[in-house]
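Novice: Okay, here's the structure, questions in a sec.
The values are calculated or read from the model by the stated rules, or taken from the named source; none is laboratory data. Note that the structure is a prediction, hence the values are computed from the model and not measured. Neighbour counts run over all protein chains shown; Cβ positions are idealised from the backbone, glycine included.
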């Protein structure tokens, strides 16, 4: 997209292509305008290379003070609009000051780029990676072109992954023991477990398992926490009796989950919780929340 | 009215539910037709959400369920056709589990499960196990019941039975059994729980609703019985114990009654016989309110029929000691259920007796044992007032009579009279009549004094007044009928051996003497004639063994007869007695026992003189005397004279002249007898006529 400063018509077309554009996996990315585009997917430590083509519009030559391409990793806080924080900034000079009177193509390469954080679109914060091409011009205004790409980092399964087993209750009312098979789950995993009823003195209507995402941004006095319920999965219909054991089998793949992000660049965290909710006949809710760690399983390529 | 509104509302909700299903079905069909799996899953989940309702009674819910069921059948066909939707069955199995609401999710899972098993990509047992476990998520009684019923339905033909195409490795039959048993257990728990859920309802309505769903639970037992691989061994070791465990533990009377019934109906009789102890062991553990007697009776009936089906089966009954076990079990049940009314206990005994009569008809000791147990129960309870209980006791007593057509067998049952003792006077008499009728019907003759004694003990209600009852209370007609029956009975008592016959007569006499004035006129005559018959028999046996003490002689019998007839004086019944004396006289005459005959005539005349007051009676009596006298040929001249004189004399003294004439007329025959040794006394003859003309 042309981003023109101070001119009415675009002076030239800039197109950015990736060298492995045909073979590289593309994923959808939701843009600011609400539309979704397919963009390439990278992992940290990968090489990002390609070509940048600049073509003047309608034959008119373009004078410039230099052309460069930057690879930026950015965190944007929504409550602090236009407050971009670049945690990664790499630049490649493409051309010295001069003229472009016909289509010119510049190759570029960023090798083994450290991109430790994943692309993230949240409620109050956004983390994105972009390639930014800038054609510097003095008074006429620089011409800039952006290309988003997505970064996701895969990892091996955690070496330690204990199950979660706990007994909770309300004295003389309700006593349950719940068990989830792991404390750390991959994004495509299945939560397997059970709820065992030790004491039931209330009339239960049903039981759900919620997946909640808690996004906290800022720090200190400026901390914002947004909690979203991403999944509401009915575990049980009807009232159990003491001794009954209800199975849990919740597939995570249908839900839009991300790995757990802890203190990304000291700016934000995204954590996940399983919230077990029991509702009684009078619509009173009894719940127990438990944090789980999400990770992205896979081979690093 | 509140209730009417409720019904109307339900109709409305049902209509809404059906409309919801139809609406989603339309889109579902469209999705299926265009091979769109995602859409198909979406609309089928929505469709199935109609089943999440809590507003319908079981009856209405069933209607809704059936609609959904039909749609699921079509959906299953779509699922099966991978080429159309492009999703492997394994992926599909996961995909349906993404559904957010548990009830639609599980219905879909079971449907895919069916396809999965059919595809043979996984062992049937694994899929079935998963399905039956996952269904635990639905704890709502009605919804859970129907869901599991669906599971049972689609799994029926896919059990890993031996010989089936789904047969697996390892203990495949046990896998099939485990699955069905688990589903059964969970369904029963849900069924029992129905009563605790929802608003308080009237018990009758609740029971009715529950009854409507009972077959859903019972079907599982039927499936178990159909599994080829379930042999006696498995039934005994696994199936029966686990089913009984659930039946006992659920502590619900409705369920217990129905399920015990089911077990008995559904499994072969041969199995019941071989597991009798285990099966019976459950009964005392059931809730007190369960109508055990009906179930036990059912069981005994089935076993009786089984025994009757082939003779080869009978040794089995003895080998497993069926009778002893049943007898024990009944005892335990009666003991455990203290609240059981007497009628319940008795009807149990009736069933047991019927069983014994049908299966072990040669074992009279069994029959007597049952009667004994009954006596024990009756002794422990207050006097029977309950009509039903009384009827049962009568049934108990009648059964052996009908089985063994001869009374002899019944008479050997030592407890028989004890049972009768517990009947009230009225019923006692009815029973006595039944006894007599039985004898008459089968033309049995009671042939020993001992048996007669027992018999008359049994019918003592007819023979005499039992303490506390007044003979006056009885209807005339009924009384007559009773006594006539007794009279007829007397004629059925017979033995060829004169000694024994005499004993019989003595025994009868002993009993009827206690009968009182009302009864004697009925009972004495038949006894007299019976004795006279004996006399006539002895007449023909003149050549007795010389030197032996022969108690049964005509003389002795006549002595006895005298005593018997004398009893009529207590009634008083002079005319009857008179006739009987004359009969005896005639018999004595035929035996050539002149003094005996003379004595009888004397007695007759005494009666005539002192007791026969009525003029008409006098006429009849005197004619009788004359007639009898006329036939006498044993008298010597003197005796004959005396008697004739007397007869003539009384004749002349009759009240009315015409009677006098006729009587004297008749007397004239006494002087002229036409046979060879007959008296011909012309002089006397003339004397009489002269006397008359004056």
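Novice: Does residue B:577 meet the test of being in a loop (DSSP other than H, G, I, E, B) and crowded, with 16+ Cβ neighbours inside 10 Å?
Specialist: Values: in a loop (DSSP other than H, G, I, E, B): no; crowded, with 16+ Cβ neighbours inside 10 Å: yes.
No.
Novice: I would also like to ask the following. Sort through B:134, B:194 and tell me the only one that's within 26 Å of residue B:258 (Cα to Cα) and within 14 Å of another protein chain (Cβ to nearest Cβ).
Specialist: Answer to the selection: B:194.
Novice: For segment A:228-283, which fully contained strands (runs of 3 or more DSSP E) count at least 3 residues that are at the interface with another protein chain (Cβ under 10 Å from one of its Cβ atoms)?
Specialist: Answer list for segment A:228-283: A:245-251.
Novice: Any idea how many residues of segment A:165-181 are in a strand (DSSP E or B) and surrounded by fewer than 17 Cβ atoms within 10 Å (Cβ to Cβ)?
Specialist: Total satisfying the criteria: 8.
Novice: Separate question: Any residue at all in segment B:167-179 that is within 14 Å of chain A (Cβ to nearest Cβ) and either part of a helix (DSSP H, G or I) or farther than 27 Å from residue B:193 by Cα (or both)?
Specialist: no
Novice: Among the numbered conditions (1) buried (at least 17 other Cβ atoms within 10 Å of the Cβ); (2) touching a strand residue (DSSP E or B) at 6+ places or on another chain (Cβ under 6 Å), tell me where residue A:153 comes up short.
Specialist: (2)
Novice: Somewhere in segment A:227-248, is a residue over 16 Å from the mean Cα position of the chain (by Cα), in contact (Cβ under 8 Å) with a residue 60 or more places away in the chain and surrounded by 16 or more Cβ atoms within 10 Å (Cβ to Cβ)?
Specialist: yes
Novice: Of everything in segment B:133-165, what is surrounded by 21 or more Cβ atoms within 10 Å (Cβ to Cβ) and assigned to a loop (DSSP other than H, G, I, E, B)? Give them in sequence order.
Specialist: B:139, B:140, B:159, B:160, B:161
Novice: Looking at this structure, is residue B:302 surrounded by fewer than 20 Cβ atoms within 10 Å (Cβ to Cβ), part of a helix (DSSP H, G or I), outside the structural domain of residue B:257 (by the TED database) and without any contact (Cβ under 8 Å) to a residue 40 or more places away in the chain?
Specialist: yes
Novice: Going by the structure shown, is residue B:338 touching a helix residue (DSSP H, G or I) at 6+ places or on another chain (Cβ under 6 Å) and either closer than 25 Å to residue B:304 by Cα or surrounded by fewer than 18 Cβ atoms within 10 Å (Cβ to Cβ) (or both)?
Specialist: Values: touching a helix residue (DSSP H, G or I) at 6+ places or on another chain (Cβ under 6 Å): no; either closer than 25 Å to residue B:304 by Cα or surrounded by fewer than 18 Cβ atoms within 10 Å (Cβ to Cβ) (or both): yes.
So residue B:338 fails the test.
Novice: Has segment B:198-212 got any residue that is under 30 Å from residue B:57 (Cα atoms), crowded, with 18+ Cβ neighbours inside 10 Å and over 34 Å from the mean Cα position of the chain (by Cα)?
Specialist: no
Novice: Could you tell me whether any residue of segment A:214-221 is surrounded by fewer than 21 Cβ atoms within 10 Å (Cβ to Cβ), in contact (Cβ under 8 Å) with a residue 24 or more places away in the chain and not in a strand (DSSP E or B)?
Specialist: There is at least one residue in segment A:214-221 that is surrounded by fewer than 21 Cβ atoms within 10 Å (Cβ to Cβ), in contact (Cβ under 8 Å) with a residue 24 or more places away in the chain and not in a strand (DSSP E or B).
Novice: Sticking with this one: Out of B:231, B:261, B:237, I need the residue that is in the same structural domain as residue B:175 (by the TED database) and either in contact with a strand residue (DSSP E or B) (Cβ under 6 Å, 6 or more places away or on another chain) or touching a residue at least 12 places away in the same chain (Cβ under 8 Å) (or both). Which one?
Specialist: On the way: B:231 fails: either in contact with a strand residue (DSSP E or B) (Cβ under 6 Å, 6 or more places away or on another chain) or touching a residue at least 12 places away in the same chain (Cβ under 8 Å) (or both); B:237 fails: either in contact with a strand residue (DSSP E or B) (Cβ under 6 Å, 6 or more places away or on another chain) or touching a residue at least 12 places away in the same chain (Cβ under 8 Å) (or both).
When all the criteria are applied, what remains is B:261.
Novice: Continuing with this model, one more query. Would you confirm whether any residue within segment B:108-131 is buried (at least 16 other Cβ atoms within 10 Å of the Cβ), over 18 Å from residue B:45 (Cα atoms) and within 11 Å of chain A (Cβ to nearest Cβ)?
Specialist: yes
Rundown of residues vs (1) part of a helix (DSSP H, G or I); (2) at pLDDT below 95; (3) in contact with a strand residue (DSSP E or B) (Cβ under 8 Å, 6 or more places away or on another chain); (4) surrounded by fewer than 20 Cβ atoms within 10 Å (Cβ to Cβ), yes/no style:
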residue	(1), (2), (3), (4)
B:20	yes, no, no, yes
B:24	yes, no, no, no
B:41	yes, no, no, no
B:45	yes, no, no, no
B:50	yes, no, no, no
B:54	no, yes, no, yes
B:59	yes, yes, no, yes
B:69	yes, no, no, yes
B:104	yes, no, no, no
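Novice: Further question on the same structure: If a residue must be surrounded by 20 or more Cβ atoms within 10 Å (Cβ to Cβ) and either touching a strand residue (DSSP E or B) at 6+ places or on another chain (Cβ under 9 Å) or under 17 Å from residue B:606 (Cα atoms) (or both), how many such residues does segment B:651-671 contain?
Specialist: Within segment B:651-671, residues that are surrounded by 20 or more Cβ atoms within 10 Å (Cβ to Cβ) and either touching a strand residue (DSSP E or B) at 6+ places or on another chain (Cβ under 9 Å) or under 17 Å from residue B:606 (Cα atoms) (or both) number 2.
Novice: Also: From the list B:67, B:105, which residue is farther than 21 Å from residue A:247 by Cβ and under 58 Å from the mean Cα position of the chain (by Cα)?
Specialist: Checking each option against the conditions leaves just B:67.
Let's see how each residue does on (1) over 17 Å from the mean Cα position of the chain (by Cα); (2) at pLDDT 85 or above; (3) within 14 Å of residue B:348 (Cα to Cα):
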residue: B:360; (1), (2), (3): no, yes, no
residue: B:363; (1), (2), (3): yes, yes, no
residue: B:369; (1), (2), (3): no, yes, yes
residue: B:373; (1), (2), (3): no, yes, yes
residue: B:382; (1), (2), (3): yes, no, no
residue: B:395; (1), (2), (3): no, yes, yes
residue: B:413; (1), (2), (3): yes, yes, no
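Novice: For segment A:43-73, enumerate the residues that are assigned to a helix (DSSP H, G or I) and touching a strand residue (DSSP E or B) at 6+ places or on another chain (Cβ under 8 Å).
Specialist: Within segment A:43-73, A:57 is the sole residue that qualifies.
Novice: Would you point out which residue out of B:286, B:273 is surrounded by 14 or more Cβ atoms within 10 Å (Cβ to Cβ), within 26 Å of the chain's Cα centre (by Cα) and over 19 Å from residue B:192 (Cβ atoms)?
Specialist: Answer to the check: B:273.
Novice: Across segment B:71-97, which residue is surrounded by the fewest Cβ atoms within 10 Å (Cβ to Cβ) among those that are touching a residue at least 12 places away in the same chain (Cβ under 8 Å) and outside any helix (DSSP H, G or I)?
Specialist: B:86
Novice: If you don't mind, there's one more thing I want to ask. Taking residue B:502, is it within 30 Å of the chain's Cα centre (by Cα), under 14 Å from residue B:531 (Cβ atoms), surrounded by 18 or more Cβ atoms within 10 Å (Cβ to Cβ) and in the same structural domain as residue B:460 (by the TED database)?
Specialist: no
Novice: Restricting the search to segment A:291-301, which residues are assigned to a strand (DSSP E or B) and either touching a helix residue (DSSP H, G or I) at 6+ places or on another chain (Cβ under 9 Å) or surrounded by fewer than 15 Cβ atoms within 10 Å (Cβ to Cβ) (or both)?
Specialist: Just the residues of segment A:291-301 that are assigned to a strand (DSSP E or B), to begin with: A:291-295, A:297.
Once the filter is applied, which keeps residues that are assigned to a strand (DSSP E or B) and either touching a helix residue (DSSP H, G or I) at 6+ places or on another chain (Cβ under 9 Å) or surrounded by fewer than 15 Cβ atoms within 10 Å (Cβ to Cβ) (or both), segment A:291-301 yields only A:291.
Novice: Let me ask something else. I'm told residue B:257 meets every condition in (1) outside any helix (DSSP H, G or I); (2) crowded, with 19+ Cβ neighbours inside 10 Å except one. Can you identify the failing condition by its number?
Specialist: Looking at each condition in turn, residue B:257 falls short on (1).
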